[in-house]
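Trainee: Pasting a structure below so you can have a look.
The values are calculated or read from the model by the stated rules, or taken from the named source; none is laboratory data. None of the values given here were measured: they were computed from a predicted structure. Methodologically, a virtual Cβ is constructed for each residue, glycine included, from the backbone with ideal geometry; neighbour enumeration extends over all protein chains shown. Note: areas computed on protein heavy atoms with side chains; ligands, DNA, RNA excluded. Shrake-Rupley method; radii C 1.70, N 1.55, O 1.52, S 1.80 Å.
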Amino acid sequence: MYPRAFHYHRAGSLKEAAAMLAQLGEGAKLLAGGQSLIPLMKLRFANPAHLVDLNFILGTSYIKEDKDTLRFGALTRHADIERSAAAAKIPILHDCAAGIADVQVRNRGTIGGSLAEADPSGDWAAVLSTLSTEICCVGTKGDRTVSLNDFVKDAYTTALAHDELVSEVVVKMPPQGSGGAFLALKRSAPVYPTASAAVQLTMDGDVCKDAAIALGCVGLTAIRAKDSEAALRGRPLTEKTIASAMEAARAAADPQSDMRGSANYKRALIGALVKRAIEIAVRRARGEPVEVSHIYA
Ligand SMILES: Cc1cc2nc3c(=O)[nH]c(=O)nc-3n(C[C@H](O)[C@H](O)[C@H](O)COP(=O)(O)OP(=O)(O)OC[C@H]3O[C@@H](n4cnc5c(N)ncnc54)[C@H](O)[C@@H]3O)c2cc1C
């Protein structure tokens, strides 16, 4: 289906885009990669009267490495992150970027658009919530920085005001001895996962000093599995502690039955994904280079 007619506006800067949103009102929407918005418009689930295009704003697509942070411009494409040597220093970021849909979607879709969309099945929010992540926002009333935990409010709902946009995503480098992994089960490449697990560990020998575990596609937002993390933190990683973390992850999941699988299936799946992701995260924390890809069923 064709989208409803709309007015097209090209922003020259992020500030100008914010001003356009304020001036055009609630009927205006930003266009980044268009990989969520355009399908919704074609289905007529979204019918904006005005589209404000961000794609021609210079200096909004970059990956910058500072001493202890990685900074991603909002318009940085998934494919740029997939190819980035700087992003690969945090392997869970590469796992995420390389696993999103197919080449076409990765070439267009942006990290800023993905976070702003807050799709319950979106991968970036789950992965970035296992790291220390801040979202820089630009608006007509000024700029502000919000932690990712405060940014995602609910399914398809963020802390952004109507005339505010994401300008940058800032990720703190994990401490020495850290490793992470992101795994998803998918029916095929160009679909969202049935379930996904993001695990980021900091190890001291065999003991897990710190753990962050997020579950994707099994709730209205990515779920931080706090009991699962507690099952690992301060303990040697043995079959028993990993089994406890799996069990706690299953309990934390809140899946819905849908075309991707029953709630029971997803709950069982999330335990298996968490176990595999822990095993890979530990190996990476020890410095072993481990290549992963999503699991296709
Ligand atoms: C077939 C298909 C499969 C997909 N599979 C996956 C998957 O497996 N995993 C996954 O994570 N994603 C998947 N996606 C979604 C993809 O990652 C999109 O890139 C992402 O959801 C939205 O990014 P975008 O840049 O395309 O945003 P757009 O579609 O342009 O915009 C999305 C929303 O965010 C707003 N927005 C955009 N940029 C900003 C900004 N800077 N500040 C504030 N608001 C902004 C827009 O107004 C709009 O409301 C899939 C998409 C398709 C079409």
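Trainee: Which residue is surrounded by the most Cβ atoms within 10 Å (Cβ to Cβ), if the candidates are limited to region 215-242 and must be of a type in the set (Ser, Thr, Tyr) and assigned to a loop (DSSP other than H, G, I, E, B)?
Mentor: Across region 215-242, the extreme among qualifying residues is 221.
Trainee: Taking region 24-47 only, how many residues are more than 8 Å from the ligand (Cβ to nearest atom), touching a residue at least 24 places away in the same chain (Cβ under 8 Å) and open to solvent by 60 Å² or more (accessible area, probe 1.4 Å)?
Mentor: 5
Trainee: Inspect all residues belonging to region 58-65 and state whether any of them is assigned to a strand (DSSP E or B), more than 27 Å from residue 253 (Cβ to Cβ) and among the acidic types (Asp, Glu).
Mentor: Checking region 58-65: at least one residue is assigned to a strand (DSSP E or B), more than 27 Å from residue 253 (Cβ to Cβ) and among the acidic types (Asp, Glu).
Trainee: Something else now. Could you tell me whether any residue of region 127-136 is more than 14 Å from the chain's Cα centre (by Cα) and either among the hydrophobic types (A, V, I, L, M, F, W, C) or more than 22 Å from residue 156 (Cβ to Cβ) (or both)?
Mentor: yes
Trainee: Criterion first (of a type outside the set (S, T, N, Q), in a loop (DSSP other than H, G, I, E, B) and closer than 25 Å to residue 45 by Cβ) does residue 184 satisfy it? Working first, answer last.
Mentor: Details: of a type outside the set (S, T, N, Q): yes; in a loop (DSSP other than H, G, I, E, B): no; closer than 25 Å to residue 45 by Cβ: yes.
In short, no.
Trainee: All but one of (1) in contact with a strand residue (DSSP E or B) (Cβ under 7 Å, 6 or more places away or on another chain); (2) farther than 24 Å from residue 229 by Cα; (3) within 10 Å of the ligand (Cβ to nearest atom) hold for residue 145; which doesn't?
Mentor: Going through (1) in contact with a strand residue (DSSP E or B) (Cβ under 7 Å, 6 or more places away or on another chain); (2) farther than 24 Å from residue 229 by Cα; (3) within 10 Å of the ligand (Cβ to nearest atom) one by one, residue 145 breaks only (3).
Trainee: Looking at region 57-76, can you tell me whether even one residue there is open to solvent by less than 10 Å² (accessible area, probe 1.4 Å) and more than 10 Å from the ligand (Cβ to nearest atom)?
Mentor: Scanning region 57-76 turns up at least one residue that is open to solvent by less than 10 Å² (accessible area, probe 1.4 Å) and more than 10 Å from the ligand (Cβ to nearest atom).
Trainee: Here's something else I'd like to know. Could you say which residue among 144, 106 is without any contact (Cβ under 8 Å) to a residue 40 or more places away in the chain and either within 11 Å of the chain's Cα centre (by Cα) or within 26 Å of residue 22 (Cβ to Cβ) (or both)? So that I can check it myself, show each step before the final result.
Mentor: Working: 106 fails: either within 11 Å of the chain's Cα centre (by Cα) or within 26 Å of residue 22 (Cβ to Cβ) (or both).
Matching residue, one of 144, 106: 144.
Trainee: So in region 93-117, with the set limited to residues that are of a type in the set (Val, Ile, Thr) and closer than 17 Å to residue 71 by Cβ, which one is farthest from the ligand (Cβ to nearest atom)? It would help to see each step written out before you state the result.
Mentor: Looking only at region 93-117, we keep the residues that are of a type in the set (Val, Ile, Thr), and these are 100, 103, 105, 110-111.
Okay, now just the ones that are also closer than 17 Å to residue 71 by Cβ, so 110-111.
Values: 110: 3, 111: 8 Å.
Restricting to residues being of a type in the set (Val, Ile, Thr) and closer than 17 Å to residue 71 by Cβ, the top hit is 111.
Yes or no, residue by residue, for (1) on the phi < 0 side of the Ramachandran plot; (2) of a type in the set (Gly, Ala, Ser):
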| position | (1), (2) |
| --- | --- |
| 210 | yes, no |
| 216 | yes, yes |
| 230 | yes, yes |
| 234 | no, yes |
| 239 | yes, no |
| 249 | yes, yes |
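Trainee: Hey, can you tell me all the residues within region 172-208 that are more than 19 Å from the chain's Cα centre (by Cα) and open to solvent by less than 10 Å² (accessible area, probe 1.4 Å)?
Mentor: The answer is 208, and nothing else.
Trainee: If I filter region 132-153 for residues that are of a type in the set (Ser, Thr, Tyr) and buried (at least 24 other Cβ atoms within 10 Å of the Cβ), do I get at least one hit? Talk me through it step by step, then tell me what you get.
Mentor: In the first step, residues of region 132-153 are kept if they are of a type in the set (Ser, Thr, Tyr); the result is 132-133, 140, 145, 147.
Add one more test, that the residue is buried (at least 24 other Cβ atoms within 10 Å of the Cβ), and what stays is none.
Looking through region 132-153, none of the residues is of a type in the set (Ser, Thr, Tyr) and buried (at least 24 other Cβ atoms within 10 Å of the Cβ).
Trainee: Go through (1) within 15 Å of the chain's Cα centre (by Cα); (2) β-branched (Val, Ile, Thr); (3) away from the ligand (no atom under 12 Å from the Cβ); (4) open to solvent by 20 Å² or more (accessible area, probe 1.4 Å) and name the single condition residue 90 misses.
Mentor: (4)
Trainee: Working carefully through the options 297, 245, find the one that is small (Gly, Ala, Ser) and open to solvent by 80 Å² or more (accessible area, probe 1.4 Å).
Mentor: On the way: 245 fails: open to solvent by 80 Å² or more (accessible area, probe 1.4 Å).
Exactly one residue qualifies, and that residue is 297.
Trainee: Got at least one residue in region 259-280 being under 16 Å from residue 185 (Cβ atoms), modelled with pLDDT under 95 and open to solvent by less than 80 Å² (accessible area, probe 1.4 Å)?
Mentor: There is at least one residue in region 259-280 that is under 16 Å from residue 185 (Cβ atoms), modelled with pLDDT under 95 and open to solvent by less than 80 Å² (accessible area, probe 1.4 Å).
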